[in-house]
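To keep things clear, I will list the structure first and then write my remarks on it.
The values are calculated or read from the model by the stated rules, or taken from the named source; none is laboratory data. This is a predicted model, so every value here is computed, not measured. Note that we place each Cβ from the backbone using ideal geometry, even for glycine, and neighbour counts take in every protein chain shown. Areas reflect the complete protein model, heavy atoms only, side chains present, ligands, DNA and RNA absent. Shrake-Rupley method; radii C 1.70, N 1.55, O 1.52, S 1.80 Å.
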Amino acid sequence: MTDLDQRIASVLREQAEGEIDTARLLRGSRALGRRRQVRRRATAGTALALVGVLGLVGVVRADVGGLPGRMPWTAATPKAAPPPVPTLADGVPGALQRPDLVGTDPQVLHLGVDTTRARYLGWSVHRSNRVESIRFSVGDGHPVLLEVSPVAKSLDDTPIEDFPMQAVSGRLAFDGGVLRVAGTDGLVTSWQPVPGLYARAATLRGDVAALNQVAGLVRWDEARRCAGPVRLTTLPANAAVTGCSVDAAAFPKGLTAQLTVFREPTSTMWMKLVYGAEMGEDGGRGGNRDLGGRPGYLYPDGTRLELLGLPKGRLTVDFAWPFTGDRPAGQVDFTEADAAGVLAGTQVATDLTRPQTWP
């Protein structure tokens, strides 16, 4: 399986709703790869591969904060500024009390970590496969990815960032044992924190001691918001937010937040906010659209819309089938008008480096 196959499979498994014919999509992805038809788009000085633009698991982040492109959860973490911490969701039970709620609300994490001993690097919720995840550093900055789900198969079948596609598929026993991933320094452990809940923790650095600390750092009895510096106030008719992801590994020099919007049967919209301390404004582009009185820019391919005017930031929406060439039968896209309405109603923090200003 090629890297392109892996990324597209991960993309659609993590972020699409409903049943997915992965065999058909992989056949299409191989054809696209052979013809080199996967589009690469530029976001103001950040060279983002299209699959990365969609905000998908397993894609190397571009250099938005002066750091070389690395996996979101493996990047070195600056220590100069207090890191963002997801806010508490008052009145919401944690995974300990209600494991059945995990992964059902794309805006809620039903767990947290002990911030006196660990630092948040990122967090996400994907309702499509009912997986919640937290990336955090342990001890001297050792990064760990923790994923939880009430569905064991979701963790057993979902690839891990930067690991071989089939590294753990079908191998998770959820008994606390540690798997060494052939061809990498990766380690994976899986267990059941409480009945009805499954957990998977992974590290790329081969440090068993760090991996063994994970269970003791998790706060299973609390719930936190999957919130970031951007909030949607307007959605297309019959659409809903189904995914949320924040990457704060490079904070305060870099930050990425992503939201997925879905409408039956196949319409998917990906909103992505990228902040970089060294980024310019708008990449020298002038607006060609009006977004509720604010300038916007429709890209030449007609499937991406950007809200202009954000200092050191880019706010974009990809609203149509992301690949040139073959389209799945029955594919229905959001329209430019749908994307414009979403961007016009989007609230963005006044200072992206100050989490207290996040909406």
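Report the local net charge at VAL208: Lys and Arg +1, Asp and Glu -1, summed over other residues whose C-beta lies under 12 Å from its C-beta.
0
When the convex hull of the C-alpha atoms of the stretch 208-297 is computed, what volume per residue in Å³ does it have?
192
Among ARG205, ARG135, what's the order by accessible area (1.4 angstrom probe), most exposed first?
Of ARG205, ARG135, the descending order of accessible area is ARG205, ARG135.
To the nearest 0.05, how large is the calculated FRET efficiency for TYR299 and ARG219 if R₀ is 35 Å and r is the Cβ-Cβ distance? Could the numbers behind the result be given before it?
On the way: r = 42 Å, r/R0 = 1.20.
Step by step, r from the Cβ atoms, then E = 0.25.
Rg and Dmax of the stretch 291-359, Cα atoms, in Å?
14.4, 45
Across every pair of different alpha-carbon atoms, what Kirkwood hydrodynamic radius in Å does the stretch 130-262 reach? Spell out each step's value before the answer.
Working: mean 1/r = 0.0614 Å⁻¹.
Hydrodynamic radius (Kirkwood, Cα pairs) of the stretch 130-262 is 16.3 Å.
Rank-order 254-262, 120-128 by packing density, defined as the average count of other C-beta atoms within 10 Å over each peptide's residues, highest first.
The peptides rank, most packed first, as 254-262, 120-128.
Where does the Debye-calculated log10 I(q)/I(0) of the stretch 220-357 sit at q = 0.09, 0.15 Å⁻¹, using only Cα point scatterers of equal weight, no solvent?
Per q value, in the given order, log10 I(q)/I(0) is -0.28, -0.77.
I'd like the Karplus ³J(HN,Hα) series for the stretch 222-229: coefficients 6.51, -1.76, 1.60, θ = phi - 60°, whole numbers in Hz, and an x wherever there's a Gly or Pro.
Here the 3J(HN,Hα) series is 10, 10, 9, 7, 7, 10, x, x Hz.
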